[in-house]
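Okay, structure first, notes after.
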Amino acid sequence: MDFELYFGGLKLNFEKIWSKKTKFMRESEIRALLKWISQGNIISFGGGMPDPKNIPKKELAEITYNLLLNRGEKILQYSGTKGTLELREELLKFMGKHGIKFESPENIIITTGSQQGLDLLGRIFIDPGDTVIVEIPTYLAAINAFQVYECKFIGVPVDDEGMRTDILEEKVKEAEGRGERIKFIYTIPTCQNPSGVSMSIDRRRHLLEIASKYDLLVVEDDPYSYFLYEPVEFKYLKSMDREGRVLFMSTFSKILAPGLRVGWLAGDREAIEKFCLAKQSMDLCTSQLNQLIASEALRTGLIERQLPKIREIYREKRNTMLKSLETYMPEGCRWARPIGGMFIFVWAPENVDTKKMLKRCLEKYRVAYVPGRSFHVDGSGGNAMRLNFTYPSKEEIVEGVKRLSKAIREEIESS
Ligand SMILES: Cc1ncc(COP(=O)(O)O)c(C=O)c1O
């Protein structure tokens, strides 16, 4: 026996049998926060959750009732791994309306949330030691998903116009010079999480030129483009892609409800087939009921009717948070004005460790945020924090920023 199993009150020694992969697994700071938030009595600027009032409960109840009543026997069976044709056809129309054209539903695979799409990317592209290029900062659960596959990261900073593509090219050249295998460039070009910026059209063009010159795959993750609060011109990278080198991924989590766990990946058919193969052993298929709820929400126009209303509510909440930050934050703090999305990224003075401060914020001030370092693959961001403004009410936003400001002031004074 190469592991010890004890009976009579003693415990199996799991340390001996964990896979090597578990060493690369990190608990998402957001998941950890949700445990606190679920205890109640906390103002949450933590997860990227939609305003609960925006979830169209009645309409969804009606859709679900009709689906189960009329087609329940079929819907509650297993279904194809790639996803139901109905939903993929609706998505073809939905993306088409927003400027992204695909030939056929075969260009789309439905995923159990976009998070599964991120894991699938790791499964089919990353071998240990491979390189993945990400933005600094970037979505922390993408970092967590990719690093399980033991990749190295190259980080490219983001400024007001999105990813610094001049630096990207330098980094690609250097990596190639070192003989590294770059597997893909992961970007959230529109209403970036966590910075809230959007990549300019020139930078998007430049990014695609670099991808073409060095023959690289680009992953465009797009949960937030429906929430742009300023009249900026933008085009999806996928809509500018003439060489089939952009994989587009999105989700119903922000435009409908995250609890449905329905997302999608769209791109080259060869890649979609490989994703399909990889997904088979993960969950066989995404819940058919949830897929059809999403499909009906598209077919009946529910989502398109909801979007302008949600956008207006979030714009006001963003403005409330910006105003509260201006009013209450101590000197030395700065933040970017997001033109869209769900977050404001705030930097406290250098000597404030936002990870350390979080415990006090939760216990004493009852306010939650996500510390900044986990969004940075270069280890920076220790004095930063991501604040979500879509979930809390406007009153909670004002009160929460006041509490946070107090905590930061205390931290500055004590150091
Ligand atoms: C950039 C980005 N990608 C992917 C996801 C995961 O979304 P889903 O709920 O579809 O798994 C999120 C969620 O916040 C996100 O912000």
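The values are calculated or read from the model by the stated rules, or taken from the named source; none is laboratory data. Every value quoted in this text rests on a predicted model; they were computed, and no experiment measured them. Neighbour counts run over all protein chains shown; Cβ positions are idealised from the backbone, glycine included.
Table: residues versus (1) among the charged types (D, E, K, R); (2) modelled with pLDDT of 95 or more; (3) touching a Ser or Thr at 6+ places or on another chain (Cβ under 9 Å).
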{"residue": "199", "(1), (2), (3)": "no, yes, yes"}
{"residue": "202", "(1), (2), (3)": "yes, yes, yes"}
{"residue": "208", "(1), (2), (3)": "no, yes, no"}
{"residue": "216", "(1), (2), (3)": "no, yes, no"}
{"residue": "219", "(1), (2), (3)": "no, yes, yes"}
{"residue": "240", "(1), (2), (3)": "no, yes, no"}
{"residue": "245", "(1), (2), (3)": "yes, yes, yes"}
{"residue": "253", "(1), (2), (3)": "no, yes, yes"}
{"residue": "270", "(1), (2), (3)": "yes, yes, no"}
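From the list 222, 283, 241, pick out the single residue that is surrounded by fewer than 18 Cβ atoms within 10 Å (Cβ to Cβ) and outside the structural domain of residue 390 (by TED's automatic domain parsing).
Just a single option satisfies the conditions, and that option is 283.
Look through the stretch 322-343, keep the residues that are of a type in the set (Phe, Trp, Tyr) and within 26 Å of the chain's Cα centre (by Cα), and return whichever of them is nearest to the ligand (Cβ to nearest atom).
It comes out as 343.
What are the residues in the stretch 106-129 that are more than 14 Å from the ligand (Cβ to nearest atom), under 23 Å from residue 281 (Cα atoms) and either touching a Lys or Arg at 6+ places or on another chain (Cβ under 7 Å) or not basic (Lys, Arg) (or both), if any? Can you show your working first?
Pass one, the stretch 106-129, residues more than 14 Å from the ligand (Cβ to nearest atom): 106-108, 123-129.
Filter once more, keeping what is under 23 Å from residue 281 (Cα atoms): 106-108, 123-128.
Those that are more than 14 Å from the ligand (Cβ to nearest atom), under 23 Å from residue 281 (Cα atoms) and either touching a Lys or Arg at 6+ places or on another chain (Cβ under 7 Å) or not basic (Lys, Arg) (or both): 106, 107, 108, 124, 125, 126, 127, 128.
Looking only at the stretch 351-397, which residues are surrounded by fewer than 18 Cβ atoms within 10 Å (Cβ to Cβ) and β-branched (Val, Ile, Thr)?
Scanning the stretch 351-397 gives no hits.
Exactly one condition in (1) surrounded by fewer than 21 Cβ atoms within 10 Å (Cβ to Cβ); (2) at pLDDT 95 or above is false for residue 232; which is it?
(2)
Where in the stretch 267-333 are there helices (runs of 4 or more DSSP H), lying wholly inside it, with at least 1 residues that are more than 26 Å from residue 390 (Cα to Cα) and among the hydroxyl-bearing types (Ser, Thr, Tyr)?
269-283
Could we say that residue 249 is of a type in the set (A, V, I, L, M), within 16 Å of the ligand (Cβ to nearest atom) and in a loop (DSSP other than H, G, I, E, B) here?
No, not satisfied.
So the check is Cβ under 6 Å with 6+ separation or different chains; which pairs have a first residue in the stretch 92-103 that's within 16 Å of residue 224 (Cα to Cα) and a second one that's of a type in the set (A, V, I, L, M) and in a helix (DSSP H, G or I)?
That search, which allows pairs on different chains as well, returns 94/298.
Out of the stretch 261-280, which residues are among the aliphatic types (A, V, I, L, M) and within 9 Å of the ligand (Cβ to nearest atom)?
262
Among the residues of the stretch 296-306, is any assigned by TED's automatic domain parsing to the domain that holds residue 194, within 21 Å of residue 106 (Cα to Cα) and within 17 Å of the chain's Cα centre (by Cα)?
no
Could you grab me the full set of residues in the stretch 103-139 that are touching a Pro at 6+ places or on another chain (Cβ under 8 Å) and either in the same structural domain as residue 27 (by TED's automatic domain parsing) or assigned to a helix (DSSP H, G or I) (or both)?
Scanning the stretch 103-139 gives 113, 114.
If residue 75 satisfies all but one of (1) within 16 Å of the ligand (Cβ to nearest atom); (2) touching a helix residue (DSSP H, G or I) at 6+ places or on another chain (Cβ under 6 Å), what's the number of the condition it fails?
Condition (1) is where residue 75 drops out.
Taking the stretch 219-262 as the search range and keeping residues that are of a type in the set (A, V, I, L, M, F, W, C) and under 18 Å from residue 134 (Cβ atoms), which one is nearest to the chain's Cα centre (by Cα)?
Filtering the stretch 219-262 for residues of a type in the set (A, V, I, L, M, F, W, C) gives 219, 227-228, 232, 234, 237, 240, 246-249, 252, 255-257, 260, 262.
Filter once more, so that each one left must be under 18 Å from residue 134 (Cβ atoms): 219, 237, 246-249.
On the way: 219: 12, 237: 17, 246: 17, 247: 15, 248: 13, 249: 10 Å.
By that ranking, first place goes to 249.
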